[in-house]
Amino acid sequence: EYPVPPGSGEACRGILEIVSEERNKVYDARKVIAAVADRDTSFELKERFGRSVATVLARLDGKTVGFISNGKEGTKGFFGHLDRILREEYGVAKVVSRTKSNYSAPADKHIVDEIGSWDAVISGIGD
């Protein structure tokens, strides 16, 4: 077991300086990951492969991660497997799963309102 590095979570307090409350504003996903993950635990894979894609391994000890599913069958098994990995290997304290009422529409208002209480969000599609 590894202790959570001192200062982890401090950067998360300024998350609204990275991600605007206006949904049409662009933001840097790498800065969001750095703010949410435990300090000095992020490792990006293929960082030069695609500038719009960030594949990062990071510790999330004690954090809450939310899953937003589009409701299609393919997401159920994937999110179940990912839930176990996040809890057992990355120290995530709580996983919250929500399903949109319509797979082709944005997340429902009650889901969007709840996101503020999560430390990280994974949105997935599956067919």
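Please tell me the relative contact order of the chain in percent, rounded to the nearest whole number, where contacts are Cα pairs under 8 Å and at least six residues apart.
Reported as a whole number, the value is 24 percent.
Provide the packing ranking of 32-40, 117-125, i.e. peptides ordered by the mean count of other C-beta atoms within 10 Å per residue, highest first.
Result, highest mean first: 32-40, 117-125.
For LYS72, go through the lysines and keep the ones whose alpha-carbon is under 22 Å away, minus same-chain ones fewer than eight residues off.
LYS100, LYS109
So which aspartates and glutamates can LYS76 reach, going by Cα to Cα under 13 Å and dropping same-chain residues fewer than 8 places off?
ASP127
Quick check: with the 1.4 Å probe, what order do SER104, SER97, SER69 take by accessible area, largest first?
Highest to lowest solvent-accessible surface, that is SER104, SER97, SER69.
Quote the charge dipole size of region 16-123 about the Cα centre in Debye, to the nearest 20; the model charges only the Cβ of Lys and Arg (+1) and of Asp and Glu (-1). Present the calculation step by step, with values, prior to reporting the outcome.
Details: 18 positive and 17 negative charges, 64 e Å.
My answer is approximately 300 debye.
Can you tally the net charge around ASP113? Count Lys and Arg as +1, Asp and Glu as -1, for every other residue whose Cβ sits under 15 Å from the Cβ of ASP113. Intermediate values should be presented prior to the final figure.
Values: positive: ARG23, ARG98, LYS100, LYS109; negative: GLU21, ASP108, GLU114.
Once all neighbours under 15 Å are counted, the net charge is +1.
Can you give the accessible area of LEU82, probe radius 1.4 Å, in Å² rounded to 10?
30 Å²
Let me have the 222 nm mean residue ellipticity of the chain computed from DSSP H runs of 4+ only, each contributing -39500 (n - 2.57), with the sum over all residues rounded to the nearest 500.
Computed mean residue ellipticity for the chain: -8500 deg cm²/dmol.
Whenever you get a sec, compute what percent of the accessible area on region 25-127 sits on carbon and sulfur atoms (1.4 Å probe). Walk me through the numbers on the way to the answer.
Values: 3560 of 6710 Å².
Of all accessible area on region 25-127, carbon and sulfur atoms account for 53 percent.
Looking at the chain, which longest stretch skips every one of the GluC sites (Glu not before Pro) that is in a DSSP loop with at most 15 other Cβ atoms within 10 Å, leaving the sites themselves out? Walk me through the numbers before you get to the answer.
Numbers: sites that count: GLU1, GLU10, GLU21, GLU22, GLU47.
It runs 48-127.
In terms of Cα to Cα distance under 22 Å, which lysines are near enough to LYS31, apart from those fewer than 8 places away along the same chain?
LYS46, LYS63
Can you tell me how region 5-74 classifies by the Cα gyration tensor, rounded, prolate or oblate, using a/c under 1.5 as the rounded cut? Don't skip to the answer; put the middle values down first.
Numbers: a/c = 1.26, a/b = 1.22, b/c = 1.03.
The shape class here is rounded.
Be a star and scan region 70-89 for residues whose amide nitrogen sits under 20 Å from the point 7 Å along the Cα-to-Cβ vector of HIS110.
70-72
Any idea what angle helix 73-90 forms with the longest principal axis of the chain, computed on alpha-carbon atoms, 0 to 90 degrees, nearest 10?
20 degrees
Please list the equivalent ellipsoid semi-axes of the chain, computed as the square roots of five times the alpha-carbon gyration tensor eigenvalues, in descending order and whole angstrom.
The equivalent ellipsoid of the chain has semi-axes of 23, 18, 15 Å.
The values are calculated or read from the model by the stated rules, or taken from the named source; none is laboratory data. Predicted model only: the values in this text are computed from it and were never measured. Methodologically, a virtual Cβ is constructed for each residue, glycine included, from the backbone with ideal geometry; neighbour enumeration extends over all protein chains shown. Protein only, heavy atoms only, side chains kept; ligands, DNA and RNA dropped before computing areas. Shrake-Rupley method; radii C 1.70, N 1.55, O 1.52, S 1.80 Å.
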